[in-house]
Structures are given as C-alpha cells and as structure tokens.
Amino acid sequence: MTARIQMIVGLGNPGPEYENTRHNAGFWFVDSLADSFRSPFRAEKKFSGYVAKVYLAGQEVWLLKPDTFMNNSGQAVQALAQFYKINLEHILVAHDELDLEPGIARLKQGGGHGGHNGLRDIISKMGGNGFTRLRLGIGHPGDRNKVTGHVLNKVSIEDKIEIERAIERTIQVLPDIIDGNLQKAMNELHRD
C-alpha cells in the first residue's frame, strides 16, 4: 500500500497556442477528470494555477493545472501543497512521457525527472521525488534534437485519440490509485 492521493497535478503550458500540444497531456488528464465529475476549474492566483475539487474513493481530491508554464510547475504544486498541508507522497503528477508510445499509460512511484522540466521543478521546489507519476505516452521523434518541436507542436488526430484512450483507462483505475492501492492499479493499467 502506498499513501492515499489528496492532490492530482496535470502538467502543461497555459494558453490556446499550447492547448493541443503533446506537452499538455497532463492538462488533458485533469480536464477529463474534472469534466467527468462536473467540477469546473477556477483560477486561483495564490496557487499560481487553476484548481478544482472532486470526491474520489470517498475523499476530497484537489486537481491542479499550474499556469506558470512547464519549467516553473513546482511553484504551483508547492503553493497548494503547503496551503492544504499535503505531503509529497499524497500527490499524483500526470505528465507527457517521450519514452512511451501514444496510448500507453504507466504509473510510477518516485524516481528522477528523466529530463522533464516540469518534474525537475517539482522535485526542486518540493525537496524530494516521493510523489506518484502518471506517465502518458506521447512517443519520441527519434532524434533528441527534435524533442522540443515534438512536444510543443500540435498532436496528430491519431495520437490524440490514443492518448485519450490511455486517459480513459487510467480514470477507470483511479479509485485504486486514490486509495493507495498503487500495485493493483498498475497491474490493471500496465496490461496493455
């Protein structure tokens, strides 16, 4: 058993020009979650982002979309976590993952940032890496020099459909994730 989740952070960049870019897969996840619970996001300056509250697995869970741009995501995470006294192990961070193909979602406890600037900033600002990650596959362009363009360009319709399928599958196992049954959720989600 891992700790129960009290906060879910979706990583992305704010603004319409980034809305359909691969780097915003984390935003798509929390948007989908908020929509399914009919809990709209509201701008919260003190948290440097957009916040919604849902009830999952019998408990209150905060959803957060930082509006700080990816490289400063930790600022928003730190602000909300400090205000509501949420420890690192009670946080789930949803983000785009180059090393997985579109349509694949993987859960991971702890670990490094793997070159992801949003994760890097959260680890730095929060003083540790003990949070759970939801890695949403976006595929790799095949050349590390093309990564920036790949993550910041508009996603293809085919890839977007696959990423949305991965999000739907993750939402189905979310009650187990929230409850701290991470291994059970992994067993289900990682079967593809």
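The values are calculated or read from the model by the stated rules, or taken from the named source; none is laboratory data. Just so you know, these numbers come straight off a predicted model, no measurement behind them. Methodologically, a virtual Cβ is constructed for each residue, glycine included, from the backbone with ideal geometry; neighbour enumeration extends over all protein chains shown.
Here are the numbers for the structure shown:
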| read-out | value |
| --- | --- |
| Residues (in a loop (DSSP other than H, G, I, E, B) and touching a residue at least 60 places away in the same chain (Cβ under 8 Å)) located in segment 85-100 | Ile86, Asn87 |
| Some residue of segment 125-134 being charged (D, E, K, R), in a helix (DSSP H, G or I), farther than 21 Å from Met186 by Cβ and in contact with a Ser or Thr (Cβ under 9 Å, 6 or more places away or on another chain) | yes |
| Which listed residue, of Ala79, Ala25, Ala34, Ala52, is in a strand (DSSP E or B), modelled with pLDDT of 95 or more and on the phi < 0 side of the Ramachandran plot | Ala52 |
| Residue that is farthest from Val151 (Cα to Cα) [pool: residues in segment 29-49 that are surrounded by fewer than 22 Cβ atoms within 10 Å (Cβ to Cβ) and of a type in the set (Phe, Trp, Tyr)] | Phe37 |
| Residue in segment 140-158 that is over 23 Å from Glu19 (Cα atoms), surrounded by fewer than 16 Cβ atoms within 10 Å (Cβ to Cβ) and touching a helix residue (DSSP H, G or I) at 6+ places or on another chain (Cβ under 8 Å) present | no |
| Residue tally, condition in contact (Cβ under 8 Å) with a residue 60 or more places away in the chain and β-branched (Val, Ile, Thr), over segment 119-174 | 9 |
| Single residue of segment 4-17 satisfying the filter (in contact with a Gly (Cβ under 8 Å, 6 or more places away or on another chain) and buried (at least 18 other Cβ atoms within 10 Å of the Cβ)) that is nearest to Val61 (Cα to Cα) | Ile5 |
| Residue match in segment 97-106 (condition: surrounded by fewer than 17 Cβ atoms within 10 Å (Cβ to Cβ), in contact with a Leu (Cβ under 7 Å, 6 or more places away or on another chain), of a type outside the set (Asp, Glu) and within 22 Å of Asn20 (Cβ to Cβ)) | no |
| Residue under evaluation Lys45, criteria (1) farther than 27 Å from Lys184 by Cβ; (2) charged (D, E, K, R); (3) touching a strand residue (DSSP E or B) at 6+ places or on another chain (Cβ under 6 Å), criterion not met | (3) |
| Top-ranked residue of segment 50-71 - restricted to ones that are in contact with a Ser or Thr (Cβ under 8 Å, 6 or more places away or on another chain) and not charged (D, E, K, R), ranked as surrounded by the most Cβ atoms within 10 Å (Cβ to Cβ) | Pro66 |
